[in-house]
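As structure tokens, the structure follows; a few thoughts come after it.
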Amino acid sequence: MLETAFFYLFALLTLGGGVLMITRRSAVHSAIWLIVSLMGVAGLYLLQQAEFLFAVQIILYVGGIMVLFLFVIMLVNLDQAAKERQFVKPWWVALAVLLAIGGEFAYILRTNTGAFRFAVPVEQPPPAGGNTEILADVLFSQYLLPFEIASLLLLVAVVGSVIMARKRA
Amino acid sequence: MPVNFVPSGAEMLRILPEIILVLAGTLIMIMEPLTRPANKHFLGKFALASLFAALWGSVVAHANPGPAFQNMLIVDGFDTFFRILVIVVGILTVLASFQYLKREQSDSGEYYALILFSLVGQCVMAGANELIMVFIGLEISSIATYVLTGYLRDDKRANEAAIKYFLLGSFATAFLLYGIAWIYGLTGSTNLTEIRSALMDLQTSPSVMLVGTAAALMLVGFAFKVSAAPFQVWTPDVYQGAPAPVAAFLSTGPKAAAFAIFVRVYATAFDSISARWEPLIWISALLTMVIGNFAALVQNNIKRLLAYSSIAHAGYLLVAMTAHSEIGIAAIMFYLAAYALMNVGAFAIVAHFSRRRERYLQVEDLAGLGWKQPVTAGLFAIFLLSLIGVPLTAGFFGKFYIFKAALEADLLWLTILGLLTSAVAAYYYLRILVVMYMHEAGEPASTLPPPGAGLKTALWASAVGTLILGIFPSLVLDFAGRSATLLK
């Protein structure tokens, strides 16, 4: 019962934060609402007993990436952008598409309740050793290769952004 | 819990090409600041050497077939075929880039390092047996190519192309990732073999409708990467804006790897729901062929023309994919090899002809090239004839096997419409030939310097390859056929 209440609380934070983020005029406010939304997601992770993801979500997204966002927003002059009425005029098209796709998804999910194995609550004892340890074991044994190769992905991204951002020769 | 961290020696051999390429790319990055600007071309030569080493590595890996790293990768004939294919594309691209980069005064190590890293991503895609590896490989390859597209930073068009490619590409990858998440939710696994058995098992198989939705979401991501309609809009802008050697690379390497993983996922994991995805690919194949060929008719810019032609060729490949048979897969493999050679060749000529800042890109600029530089024009003619599908060139057998596979799968209408659109295609390729041989030589053709050694090697290698595949197709086709049989 309490868990359900918390679920709805965190879901409200996530969705409400998301909606407020895209509707605020000031970029700083948007960024702060995004933080709220990300915190809501972190809470959802915690409810799923994924402590590691919870911590990573807070440290990386809220602590690292969002602070960078705020820095950039404050460095770039956004006063002009705030005065613009709206970037995209035909917002009702977007709304119609959203409703159509949302309806489709709702229909598909409704007619196939229980098809997602993980959507069904499984009563099982929490595995010994805790979430973080198990994650580490899996990461360094079964998923060793993707884990290592992801570092190449990051390297390419860093090299790429440096090439794109360096001063013109 | 005791966990064995150390992979076995055989497993290391199975990812030898990737190891070589990553090491070489990293070494180039380290050497880059230590080389004087005049000596940057040595880095290119080093990249070339490492590509040949990786080629050798793929052969060594092929001698040790099997899964590696807990089924993350699988080394089989299919994997080896595409590894070799993308590495050869890399070699040709690097060869064609020497002169181009020197001319644009942008010779630097990062260019070569990014090509090597991009190839690592493509090799990973070719051998991935796990959706997580598919995603990581695809992203490594894509991010490197986004940057390569915008590599000439003073060029406005290149900037526009890079940002378009990046935004649309990231969006498409998000669809792919969402599809992967659905599949994980439905089958409890991201391993292709396990997904296959989960979907085959009639007792526990999840709802076909949901799996179909997931497959459709993933289709969006793959269709974008192979520039299949209706997700092809980015292709002309990106190929036009990217430096010509990069466009050569983009239109062949990443595309071949994307097709490899497209085929592997749909023909193995989603085999049991093929009735659901075949109609979708049928429609997409037809649309792609029609849009590509008809839009190419009205293009005057050669790079744009080749971009639309590249869309059309993706359409033919999708026809073979719709056939969903072993000979269809073999036809896809053969066609990709043929297409890679002729398309890299054609783009390399464009890179050479366009001159500094790519001034000469109109079809009319080629006027009289046939008389001013018979050899260059002759090689270009071979590539164009092969793109049309004239007998004795690789393109002919490529199309032949594809439509044969389609007929054997009773895709009569798709075959007829495909052949009709490829007849339309002959017009725009022949137009280039007509301009080259039958018009008075203009200033652009008269002032063309002879190609440098690297470019010459690339052109001759692709032309000879195109002809060999056109005269002795069984050399490649037999291997492709054997690998296709073993794919499942």
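The values are calculated or read from the model by the stated rules, or taken from the named source; none is laboratory data. As the structure is a prediction and not an experimental result, all values here were calculated from the model. Methodologically, a virtual Cβ is constructed for each residue, glycine included, from the backbone with ideal geometry; neighbour enumeration extends over all protein chains shown.
The figures follow:
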read-out: A:ALA165 being over 25 Å from the mean Cα position of the chain (by Cα), at pLDDT 65 or above and either surrounded by 14 or more Cβ atoms within 10 Å (Cβ to Cβ) or within 14 Å of chain B (Cβ to nearest Cβ) (or both); value: yes
read-out: Condition broken by B:GLU443, with the remaining ones in (1) farther than 17 Å from B:LEU369 by Cα; (2) free of Cβ contacts under 8 Å to residues at least 40 places away in the same chain; (3) not hydroxyl-bearing (Ser, Thr, Tyr) satisfied; value: (1)
read-out: Test: B:ALA377 is in contact (Cβ under 8 Å) with a residue 12 or more places away in the chain, over 30 Å from B:GLU278 (Cβ atoms), in contact with a Gly (Cβ under 7 Å, 6 or more places away or on another chain) and assigned to a helix (DSSP H, G or I); value: yes
read-out: Conditions (1) closer than 24 Å to A:ALA94 by Cα; (2) touching a helix residue (DSSP H, G or I) at 6+ places or on another chain (Cβ under 7 Å); (3) among the β-branched types (Val, Ile, Thr); number of the one not met by A:ILE58; value: (1)
read-out: Looking only at segment B:13-44, and only at residues there that are of a type in the set (Lys, Arg) and farther than 23 Å from B:CYS123 by Cα, the one that is nearest to the other protein chains (Cβ to nearest Cβ); value: B:LYS40
read-out: Any pair with Cβ under 9 angstrom, 6 or more apart, that starts in segment A:79-107 at a residue that is within 30 Å of B:LEU210 (Cα to Cα) and ends at one that is surrounded by 10 or more Cβ atoms within 10 Å (Cβ to Cβ) and modelled with pLDDT under 90; value: A:GLU104/B:THR213; A:PHE105/B:THR213
read-out: Qualifying residue in segment B:124-145 (condition: more than 27 Å from B:ALA338 (Cβ to Cβ) and charged (D, E, K, R)); value: yes
read-out: Residues of segment B:218-235 that turn out to be of a type in the set (A, V, I, L, M), closer than 20 Å to B:TYR339 by Cβ and assigned to a helix (DSSP H, G or I), as a count; value: 1
read-out: Test: residue in segment B:184-202 that is away from chain A (no Cβ under 13 Å), touching a residue at least 60 places away in the same chain (Cβ under 8 Å) and of a type in the set (Ser, Thr, Tyr); value: yes
read-out: Test for B:ARG36: is it among the charged types (D, E, K, R) and under 25 Å from B:PHE259 (Cβ atoms); value: no
read-out: Index of the failed condition, B:VAL390 passing every other in (1) in a loop (DSSP other than H, G, I, E, B); (2) in contact (Cβ under 8 Å) with a residue 24 or more places away in the chain; value: (2)
read-out: Options B:ILE291, B:ILE311, B:ILE261, B:ILE281; residue that is surrounded by fewer than 22 Cβ atoms within 10 Å (Cβ to Cβ), within 29 Å of B:ALA144 (Cβ to Cβ) and touching a helix residue (DSSP H, G or I) at 6+ places or on another chain (Cβ under 7 Å); value: B:ILE291
read-out: Failed condition for B:THR26, given (1) surrounded by 17 or more Cβ atoms within 10 Å (Cβ to Cβ); (2) β-branched (Val, Ile, Thr); (3) more than 30 Å from B:MET333 (Cα to Cα); value: (1)
read-out: B:VAL344, sole failed condition from (1) in contact with a Pro (Cβ under 8 Å, 6 or more places away or on another chain); (2) surrounded by 24 or more Cβ atoms within 10 Å (Cβ to Cβ); value: (1)
read-out: Residue ranges of helices (runs of 4 or more DSSP H) in segment B:47-155 with at least 1 members facing chain A (nearest Cβ under 9 Å) and either farther than 26 Å from A:PHE147 by Cβ or at pLDDT 90 or above (or both); value: B:109-127, B:131-149
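Every residue, every condition in (1) within 30 Å of B:GLN203 (Cα to Cα); (2) at the interface with chain B (Cβ under 7 Å from one of its Cβ atoms); (3) modelled with pLDDT of 80 or more, yes or no:
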position	(1), (2), (3)
A:LEU109	yes, no, no
A:GLY130	no, no, no
A:LEU139	no, no, yes
A:ALA150	no, yes, yes
